[in-house]
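The structure appears right after this line, and notes come after that.
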Amino acid sequence: MGRHEFGAAVRQLRESTKPAAVLMPTGRRRVQGLRREELGELAGMSADYVRRLEQGRSHPSPGVVSAIARALRVGRADYERLCALAGYAAADGQVPNEVGPGAKRLLERFTDTPMFVSDAAMNVIAVNSAFMALKHWDLTGDPWDWNVAWRTFCDPFSRFQQSTADATDHQAIHVARLRSVLLRYPGDASLAALVDEIRSRSPLFDTLWRAPRPVDAYDSSATFVHPDAGSVTLVGSLLAIPGDDLGALLLTAAPGSADAARLAEIVDAGEEPAIIKVGRTGPG
């Protein structure tokens, strides 16, 4: 199987997708399906790139395959066919949530850097003592208390502040990650319930879900308001742990800055164990 087979499949799916099914304007059209420009808009890529894919002049990454499948709202069978034509395996089953050896090593070695480990659905499953020392993650008793996307869109932290630009980037990252994981793990009922609940509770999330923004970089800046030490501004950087399908978020301050000095004071005052397992993955 080569590029031409994948391109032909994408074109067939595009031309057979009704605009109304993907919330695109209908109006008067020369063709029944989607235009390349519309597929590009929905999938976050240019119409020229869609053309090159359909003509077999470009080979898609796994992310591109997922983006096209999401944009066209294809079923599991068509998604698996696109993956096979592109030379990739489709993901399935439940979202893994075990803290593997790689994640444990990260949490143990970066003791002076606030860090948490989350599963692919952004449920936080373990943190280090430096992260707990920030004292911003207040718990409300909600089943999704430890889900990053839920807290961002439905139950924001009172001691976590971002500029408009950073908040916009932050939101786009969460939507992109949830769209990707939902396609990879279609059988995970808790994940589907989480997405449905956030869409029903947050109009902003629902809007971004239907028309996601492109993600340029998986990091953003935020200010944490510590109850005793005052404010400290940190940059969050996301690292992938591919073998376990987990992600680690590290929070760092600019070297030599006042924030770095304040962070060191906060971390030194922490009394938690090196690794704290936390989190819940929703009802049930």
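Based on DSSP H segments of at least four residues, each scored -39500 (n - 2.57), the chain has a per-residue ellipticity at 222 nm of -13000 deg cm²/dmol.
Go through the stretch 36-130 and name the GluC sites (Glu not before Pro) that are in a DSSP coil and have 16 or fewer other Cβ atoms within 10 Å of their Cβ. Provide the component values of the computation, followed by the final result.
Values: sites: E37, E38, E41, E54, E80, E98, E108; in loops: E98.
Those satisfying the criteria are E98.
Given a Förster distance of 22 Å, report the FRET efficiency between R30 and H59 from their Cβ-Cβ distance, rounded to the nearest 0.05. Approximately 0.15, to the nearest 0.05.
Based on the Cβ-Cβ distance of A84 and L204, what FRET efficiency does E = 1/(1 + (r/R0)^6) give at R0 = 35 Å, to the nearest 0.05? Before the final figure, lay out each step's value.
Values: r = 36 Å, r/R0 = 1.02.
Approximately 0.45, to the nearest 0.05.
Remark: the chain carries a charge dipole of roughly 1660 debye about the Cα centre, counting +1 on each Lys and Arg Cβ and -1 on each Asp and Glu Cβ. Annotation: amide H-H contacts under 5 Å for H226 (H modelled 1.01 Å from N, sequence separation of 5 or more, or interchain): S231, V232.
Here the 3J(HN,Hα) profile of the stretch 145-153, calculated from phi with Karplus coefficients 6.51, -1.76 and 1.60 at θ = phi - 60°, is 3, 9, 9, 5, 5, 4, 5, 5, 9 Hz, Gly and Pro shown as x. Karplus-based coupling profile of the stretch 7-19, in residue order and whole Hz: x, 5, 5, 4, 4, 4, 5, 4, 6, 9, 8, 6, x, with θ = phi - 60° in 6.51 cos²θ - 1.76 cosθ + 1.60 and x standing for Gly or Pro.
Net length available on complete extension from C154 to L139 is 4.1 nm, with 0.36 nm assigned per residue and the Cα-Cα distance removed.
Estimated from the Cβ-Cβ distance and a Förster radius of 25 angstrom, the FRET efficiency linking E15 and R76 is about 0.75.
Near L246, the amide H atoms lying under 5 Å from its own belong to I241; only residues 5 or more places off or on other chains count, and H is placed 1.01 Å from N. Spatially, the stretch 191-265 and the stretch 106-185 are offset by 6 Å when compared through their Cα centroids. Taking label points 7 Å from Cα along the Cα-to-Cβ direction, V22 and A229 give a separation of 4.8 nm. With each label modelled as a point 7 angstrom along the Cα→C-beta vector, the S163-S221 pair spans 0.5 nm. Dipole of the chain computed with +1 at Lys/Arg Cβ and -1 at Asp/Glu Cβ about the Cα centre; of P242, T17, Q94, farthest Cα towards the positive end is T17.
Length available on full extension from A274 to E108: 0.36 nm per residue minus the Cα-Cα distance, which gives 59.2 nm. Note on A261 and A8: the model spin-label points, each 7 Å out from Cα along the C-beta direction, lie 6.8 nm apart. Among the listed values (1) -0.45, -0.57, -1.44; (2) -0.41, -0.51, -1.36; (3) -0.49, -0.59, -1.25, the one matching log10 I(q)/I(0) by the Debye sum over Cα atoms at q = 0.09, 0.10, 0.16 Å⁻¹ as calculated from this structure is (3). In percent, rounded to a whole number, the relative contact order of the chain is 21, using alpha-carbon pairs under 8 Å and six or more apart.
Read-outs: derived from the displayed coordinates by stated rules, not from any lab. These figures come from a predicted structure and were not determined experimentally. For neighbour counting, all protein chains shown are included, and Cβ atoms are generated from backbone atoms with ideal geometry for every residue, glycine included.
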